[in-house]
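Enquirer: Starting off with a structure, shown below.
The values are calculated or read from the model by the stated rules, or taken from the named source; none is laboratory data. Remember, predicted model here, so these are calculated numbers, not experimental data. Cβ placement follows ideal geometry from the backbone for every residue including glycine, while neighbour counts extend to all protein chains displayed.
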Amino acid sequence: MTVLAPGAVRVEQVVSPAPRAAWEALVAADPTSLTDQSPAWMDVLVTSGGHADASRLYVLDDGRRFVLPLARRTGPAGSAVWSCRSPTAGASVASWGPDAMSKPSGPSWPS
């Protein structure tokens, strides 16, 4: 288990790649979720070539679940992992950012 902060919840499980049913349910439950945070976006990225699904499902000890969409380059530069959220339409892989977690609505972390 990973402790997020003293007295905070713990990460009970990390599954990679994120199971599709869990990912789709979290995207559907998050009204702020964007298309580029969806499993369908990952499918397009993977089928277009050069990337593999490296998404992660985090399950916390209080029952909350989060998906972090990540893509891993395949081939010689295969160690690079990128968040699938592009900051602007048509952005290249190099400009993707780390702020792409899908979660159900409501507070993300206890105060």
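Enquirer: In region 11-33, what residues are assigned to a strand (DSSP E or B) and either among the hydrophobic types (A, V, I, L, M, F, W, C) or out of contact with any strand residue (DSSP E or B) (no Cβ under 8 Å at 6 or more places or on another chain) (or both)? Step through it out loud before you land on a result.
Expert: Pass one, region 11-33, residues assigned to a strand (DSSP E or B): 11-15.
Within region 11-33, Val11, Val14, Val15 meet the criteria.
Enquirer: Mind checking which residues of region 20-37 are touching a residue at least 40 places away in the same chain (Cβ under 8 Å) and surrounded by 14 or more Cβ atoms within 10 Å (Cβ to Cβ)?
Expert: Of everything in region 20-37, those that are touching a residue at least 40 places away in the same chain (Cβ under 8 Å) and surrounded by 14 or more Cβ atoms within 10 Å (Cβ to Cβ) turn out to be Ala22, Trp23, Leu26, Val27, Ala29, Asp30, Ser33, Leu34, Asp36, Gln37.
Enquirer: May I ask you to verify whether Arg72 is under 15 Å from Ala18 (Cβ atoms) and without any contact (Cβ under 8 Å) to a residue 24 or more places away in the chain?
Expert: Yes: the conditions hold for Arg72.
Enquirer: What number of residues within region 1-59 satisfy the criterion of being over 30 Å from Gly75 (Cα atoms) and modelled with pLDDT under 85?
Expert: Residues that pass the stated criteria total 9.
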